[in-house]
Amino acid sequence: MNYQDKTRLDEAAPDVFIEQFENGFAYGTDAVELASYVSFKKGAKGAELGTGTGIIPILICTDKENKRYPEKIYAFEIQEKYALLSASNVKRNGLEDIIEVICADMKNASRIMGEKGIFSELDFVFSNPPYMKMDSGFLNETEDKLIARHEAAATIFDVCEAASRLLRHGGDFFAVYRPDRLCDLMCAMRESSLEPKDMVFISGRTGADPKLVLVKAKKGAASGNKIHCKALR
C-alpha cells in the first residue's frame, strides 16, 4: 500500500464506522443530508449510483431513529479501489445481506440488473453525483477526486437516465446537488421521465445562501413540486 492508499476509520454515527482514504475523496455534509432525505416503504429495493465509501446506504440501513428497513440496496461504484473499500465498510457494519456493492459504470447499471432478473423494478434510486463540469474548477487532482467531483465519468444527464432505467413506474429518485446547477438537474430529470416533486434548499445558517439542494423526483409523475428550506444552524 502506498501513501495515497493509507486509510483512517471514522465514526459516522453512533456505532457506525466508515473507513476512508486519507488522501482520497471523503464524504461530507451532502452525503449525510441525502441519507436522511431518502425515503421508501419497508421492504423496498433500491440502488445507489456512485457509492464511494458506501456511507449513504450504510447510514440509511443503520438509521435506528426512523427504522428504515430496505430489503436490498445495490450500490454501484466505477472505481475499483472504492468499490472494495465500500464493500469492506458494508461488512464492517454487518450489512452485507442488505447492501451489495457492484464495481461497474452506472451507465451499465440497467444491463447488470437485467442479468439479475430485475428489469426496471426498483422502488428507489439515489445519488450524490459529481457537481462540477469538466470545464470548471480545479482539474489538477488525483483521478479518484476528479471522478468524484467532476463529470469525468458521468454527467448529470447520464445519472438521471441510469436512474430512470432502474426504476419502476412511480419509483422515486433522490439526489443532492449544487443550487447553481439546479437547472441542469431539472432538465436532466425531465428528459429521463423523472418529474421533480419535492425540493429542499440547505444553507449553513439561517439567512445564508443555500449551498446544497435535495431533490426527490418520481418516474412518470405529473408536474407539481413542493419547495422547502433548511438551515443547519
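The values are calculated or read from the model by the stated rules, or taken from the named source; none is laboratory data. What you are looking at is a predicted structure, and each value in this text was computed from that prediction instead of being measured. So basically every Cβ, Gly included, is an ideal-geometry build from the backbone, and we count neighbours across all protein chains shown. With ligands, DNA and RNA removed, areas are computed over all heavy atoms of the protein, side chains included. Shrake-Rupley method; radii C 1.70, N 1.55, O 1.52, S 1.80 Å.
Ranking Thr29, Thr51 by solvent-accessible area of protein heavy atoms (1.4 Å probe, all protein chains present), from largest to smallest, gives Thr29, Thr51.
Relative to a virtual label point 7 Å from the Cα of Arg205 in the Cα→beta-carbon direction, which members of the range 212-233 show backbone nitrogen distances below 14 Å? Backbone N within reach: 231-233. For the chain, the residue among Tyr27, Val38, Cys160 whose Cα projects farthest onto the positive side of the dipole built from Cβ charges is Val38. Pairs with C-alpha atoms separated by more than 26 Å, drawn from the list Lys81/Lys116; Lys81/Lys216; Lys67/Lys91; Lys91/Lys226; Lys91/Lys216; Lys45/Lys107, are Lys81/Lys216; Lys91/Lys226; Lys91/Lys216. Taking GluC sites (Glu not before Pro) in DSSP loop conformation with at most 11 other Cβ atoms inside 10 Å as exposed sites, the chain has its longest uninterrupted site-free stretch at 66-233.
Counting protein heavy atoms only, the range 7-86 has 49 percent of its accessible area on carbon and sulfur, 1.4 angstrom probe.
Taking a ≥ b ≥ c as the square roots of the eigenvalues of the Cα gyration tensor, the chain is classed as rounded, since a/c falls below 1.5.
Counting other C-beta atoms within 10 Å, and keeping those with at most 13, which DSSP coil trypsin sites (Lys or Arg not before Pro) do you find in the range 16-77?
Lys41, Lys42, Lys64, Lys67
Positive contributions from Lys and Arg (+1) and negative ones from Asp and Glu (-1), summed over other residues with Cβ under 10 Å from the Cβ of Val200, come out at +1. With all protein chains kept in place, the per residue accessible area of the range 1-111 amounts to 49 square angstrom at a probe of 1.4 angstrom. Taken about its Cα centre, the chain carries a charge dipole of about 800 debye when Lys and Arg each add +1 at the Cβ and Asp and Glu each add -1 at the Cβ.
Only helices enter the 222 nm calculation for the chain: every DSSP H run of n ≥ 4 contributes -39,500 (n - 2.57), and dividing by all residues gives -8000 deg cm²/dmol, rounded to 500.
Based on the Cβ-Cβ distance of Lys230 and Tyr69, what FRET efficiency does E = 1/(1 + (r/R0)^6) give at R0 = 25 Å, to the nearest 0.05? For Lys230 and Tyr69, the calculated efficiency is 0.50.
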